[in-house]
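Down below is the structure, laid out as structure tokens.
FYI, it's all coordinate maths here, none of it is from the lab. Predicted, not measured: the structure shown is a model, and the values here were computed from it. We place every Cβ from the backbone using ideal geometry, glycine too, and count neighbours over all the protein chains shown.
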Amino acid sequence: MVVAVAEESRGADHARPWIEQAKSDYWQLIDTDHQLEDLYNLVNVPQAIWIDEQGKIVRPPETAGSTDHFRGMDLKTRTMSPQAQEERLAARVAYMDAVRAWVNTGEHALPADAARANLPKVTPEIAAARAHFRLGVWLRANGRAAEGDLQMAEASRLHPESWSLWRQAADLDEVGKASGPDFWKRVQALGERPYYPPPKL
Amino acid sequence: MTKILTPLAEFDVAARDGLWMSPVDATKVTGWTLKPEGMCRDDLCVPLPASAVGINEVDLAAFWTKLGGPVVSSATRDVWALGAPPEERNAALEGLEAPDFTLPDVDGTPRRLSDLRGKKVFLATWASW
């Protein structure tokens, strides 16, 4: 069973066109407060968690099929080289094949110790960032945008590794801003570090 | 009234000077109950300093901070957010039991992860941004 969760503080109607286009028969949920990111300590989209029949995590949060090839795109034309597109697609197919293999045979499920070792740790700063973000979303939803933005900026300051906190705040400020010039500056500032750490399959 | 946001819910309570409130409201917001030995949940009690307990009131911010959870507020202190204590989150994840949640689908129908027990679940996030 696939459960797709939209981390979408603008709400269901904003996510609806993508959901309708997907024509899915699985759950498509709306997470305006980014609850899932709080519960599972997520930092970006798409991330996935594999959960077995007993409700146990068998693969902790990891990048779900996306790659860093976008970082090489031509920003004027917003296109990637054919080779980059091919590699990107191959990585996505490989990840989805791994998901299917797990469903059919159990392959790729990690033993408990390995699953535990790969869990990202929640620090006091991350916990505080979540609280500021939660408050920021509420303030924005209740007509207090300037105050909400201050809370969200504090959230990103406390948890700079979270792309979701920063990009959601940028999107609430203005649709499109989450992939605008400030986003690219932040991506460039990563240097050698990955934007989408590849899953260790 | 003071608005208090917790990770999964929100409450309106009568509070003064920050988050001083009745023990009944403190229980409503946190699930912890004020007893002579401190704030208690099941068999566990967290002792509170005398400065955090008054006559029929308790300083919820002091308790939550003692628990290790973040307490933040709007500039005008009318809206507060209590975050999950990081150790609680880490312990839950290290137990490897998938944290349960209920979220609405796109038409508003609530869906609970644990209702899918017995099936493998590929839980994935996405966003329009």
Q: Provide the FRET efficiency to the nearest 0.05 for the B:Val24-B:Val46 pair, computing r from the beta carbons and using R0 = 25 Å.
A: 0.90
Q) If you look for lysine pairs in chain B that are eight or more places apart or on different chains, how many of them have Cα atoms under 27 Å apart? A) 5
Q: Work out how far the C-alpha atoms of the stretch A:124-188 reach from end to end along every principal axis, then list the three figures in whole Å, largest first.
A: 30, 29, 13
Q) In deg cm²/dmol, rounded to 500, what helix-only [θ] at 222 nm does chain A give when every DSSP H run of at least 4 residues adds -39500 (n - 2.57) and the total is split over its residues? A) -15000 deg cm²/dmol
Q: Apply 1/(1 + (r/R0)^6) to the Cβ-Cβ distance of B:Glu97 and B:Glu10, taking R0 = 22 Å, and write down the FRET efficiency to the nearest 0.05.
A: 0.30
Q. If you take every DSSP beta bridge whose two residues both sit in the protein assembly as shown, what share of them, in percent to the nearest 5, is antiparallel?
A. 70
Q: For the stretch A:70-201, restrict the atom set to alpha-carbon positions and state the Rg and Dmax in Å.
A: 18.5, 51
Q. Once all Cα-Cα distances of the stretch B:2-89 are split into 10 Å bins that start at 0, what whole-number percent is in each one?
A. 18, 56, 25, 1
**Q.** Kirkwood Rh (inverse of mean 1/r, distinct Cα pairs), the protein assembly as shown, angstrom
**A.** 21.3
**Q.** the stretch A:67-137: projected area of the alpha-carbon convex hull, averaged over directions, in nm²
**A.** 8.6
(Q) Just to verify a number: FRET efficiency for B:Glu37 and B:Arg112, C-beta to C-beta distance, R0 = 30 Å, to 0.05? (A) 0.30
Q. Given the rule -39500 (n - 2.57) for each run of at least 4 DSSP H residues, summed and divided by the residues of chain B, what is its mean residue ellipticity at 222 nm, to the nearest 500 deg cm²/dmol?
A. -5500 deg cm²/dmol
Q. Quick one: Cα centre-to-centre distance for the stretch A:138-201 and the stretch B:1-72, in angstrom?
A. 32
Q: Quantify how strongly other chains surround peptide B:108-118 by giving the mean number of their Cβ atoms within 10 Å of each of its Cβ atoms.
A: 3
Q. Between B:Arg112, B:Arg16, B:Arg89, which gets the highest mean-square fluctuation from a Gaussian network model of chain B, Cα cutoff 10 Å?
A. B:Arg112
(Q) Taking 0.36 nm per residue of sequence separation and subtracting the Cα-Cα distance, how much length would be gained by fully extending the chain between A:Ala101 and A:Thr79, in nm to one decimal? (A) 4.7 nm
Q) Of the beta bridges DSSP finds with both residues in the stretch A:1-137, what % are antiparallel, to the nearest 5? A) 50
Q: Fewest Cβ neighbours within 10 Å first, please rank B:Lys3, A:Lys56 accordingly.
A: A:Lys56, B:Lys3
(Q) Hydropathy at least 1.0 by Kyte-Doolittle, axial extent at least 18 angstrom from the Cα trace: which helices of chain B, defined as entire DSSP H runs, fit? (A) none
Q | Difference of contour (0.36 nm per residue) and Cα-Cα distance, A:Arg186 to A:Arg92 | A | 31.4 nm
Q.
For the stretch A:1-137, place one equal point scatterer on every Cα, skip the solvent, and apply the Debye formula. What is log10 of I(q)/I(0) at q = 0.11, 0.15 Å⁻¹?
A. -0.53, -0.99
Q) When A:His108, A:His159, A:His132 are ordered from fewest to most other Cβ atoms inside 10 Å of their Cβ, what list results? A) A:His108, A:His159, A:His132
Q | A:Glu174 paired with A:Gln21, simple spin-label distance in nm, labels 7 Å along Cα-to-beta-carbon | A | 2.3
Q. Among A:Glu154, A:Glu53, A:Glu174, which one shows the biggest mean-square fluctuation in a GNM of chain A, springs joining Cα atoms closer than 10 Å?
A. A:Glu53
